[in-house]
Amino acid sequence: MATQHSRSAARVMMAPAVFLLLVWMLVPLTMTLYFSFKKYLPLRGDTVSNGLEWVGFENYVRFVTSSSFWPSVQTTLIIVGGVLLITVFLGVLLAILLNQPMWGQGVVRVLVIAPFFVMPTVSALVWKNMFMDPTNGLLAHLWKFFGAEPVIWLSEASLQSIIMIVSWQWLPFATLILLTAIQSLDREQLEAAEMDGAQPLARFGYITLPHLSRAITIVILIQTIFLLAVFAEIFVTTGGAFGTRTLTYLIFQRVLESQNIGLGSAGGVYAIILANIIAIFLMRIVGKNLDA
């Protein structure tokens, strides 16, 4: 049992790390809030040293009432939902497959997990130039082989293309978490169900899937937090065109392309609010599953 002295010593040793973490988080957040209430247009001569004009909630109103705001929120949620559906569904299938004894099992697992360690920019470039190019891409050659007209993916199916690229990158993460959960499943339960005559689908539905429920909720929670900030894949492939402009990309356009720091900061606050709402909702789901 920890004594009062050891607990005090632990707090003292943890204090520097906690302080640095708070500074690392609070300073950018404070600056974002500050600039969101100011008119800050660097190209028009506005500088922090000369003082910035206070505009109150004008930036917030302009951002939320712009014609691009709600479509960008909708696009963000569609991408997050699409990627979660693909990664969870295929992640469960791959986890079950990789859990089966096979030759070269370790090598296969490494190859399946490898895409997660590829930089988003690199993976987007590979998909754009090697797979989705309408002239020389592998998918174009596959379409021509079957006598079909190649699809111009990044313009004709732009949103589906982004979902496909991001899913390919996050599928290994879901597979790894779900594979770990499957390996913790008591084999005696499956063997007993098999001896009682339960079919494979019944064993999956009544034993394996309930066992994976906690792991699935963890995958959904972690992936959602990161997917809300998807940017590199859109920047490299479509540049926000063809209905692929997410809330994050809209903020980027306001800050860097339009050079309106105040308006972009207000958008950043909206993004924080949206992320927290979704995180709280998912945390409630995770909490219920963990208590079950």
Calculated from DSSP helices alone, with each H run of at least 4 adding -39500 (n - 2.57) and the total divided by the residues of the chain, [θ]222 nm to the nearest 500 comes to -22000 deg cm²/dmol
Taking placed amide H atoms and a strict 5 Å upper bound, the residues 5 or more places from Lys38 or on another chain that come that close are Val55
Distance between modelled label sites at Leu77 and Ile272, nm, 7 Å Cα→Cβ extension: 2.3
Over the chain, calculate the relative contact order: mean separation of alpha carbon pairs under 8 Å at least 6 apart, over the residue count, as a percent. 29
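Ranked by accessible surface with a 1.4 Å probe, highest first, in what order do Phe19, Phe231 come?
Numbers: Phe19 130, Phe231 60 Å².
Sorted descending by solvent-accessible area, the residues read Phe19, Phe231.
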With every protein chain kept in the model, how would you rank Trp103, Trp24 by accessible area, 1.4 Å probe, largest at the top? Trp103, Trp24
State the percent of C-alpha pairs, over all pairs in the range 6-149, separated by a distance greater than 22 angstrom. 74
Just to be sure I follow: if Rg is taken over the C-alpha atoms of the range 74-157 and Rh is the Kirkwood radius over the same atoms, what is Rg/Rh? 1.05
Short version: ³J(HN,Hα) in whole Hz for each residue of the range 45-55, in order, from phi by Karplus 6.51 cos²θ - 1.76 cosθ + 1.60 (θ = phi - 60°), x for Gly and Pro, what are they? x, 6, 9, 5, 5, 8, x, 10, 6, 7, 10
Surface/4 of the Cα convex hull for the range 121-176, nm²: 4.3
The chain - accessible surface per residue (Å², probe 1.4 Å): 60
Extension length gain for Leu26 and Ile225 (0.36 nm per residue less Cα distance), in nm, is 69.8 nm
Using a simple spin-label model with points 7 Å from Cα along the Cα→Cβ vector, what separation in nm is obtained for Leu85 and Thr180? 2.8
Could you tell me the accessible area of Met25 in Å² (1.4 Å probe, neighbours in place), rounded to the nearest ten? 110
Protein-only accessible surface order, largest first, of Thr238, Thr121 at 1.4 Å: Thr121, Thr238
From the alpha carbon gyration tensor of the range 132-223, can you work out the equivalent ellipsoid semi-axes (sqrt of 5 times each eigenvalue) and give them in Å, largest to smallest? 39, 18, 10
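Leaving out ligands, DNA and RNA, what percent of the accessible area of the chain is carbon and sulfur, probe 1.4 Å? Numbers along the way, then the final one.
Numbers: 12250 of 17400 Å².
Percent of accessible area from carbon and sulfur atoms in the chain: 70.
The values are calculated or read from the model by the stated rules, or taken from the named source; none is laboratory data. Only a predicted model underlies this, so the values are computations on that prediction, with no experimental measurement involved. For neighbour counting, all protein chains shown are included, and Cβ atoms are generated from backbone atoms with ideal geometry for every residue, glycine included. Remember, those area values only see protein heavy atoms, side chains included, never the ligands or the DNA or RNA. Shrake-Rupley method; radii C 1.70, N 1.55, O 1.52, S 1.80 Å.
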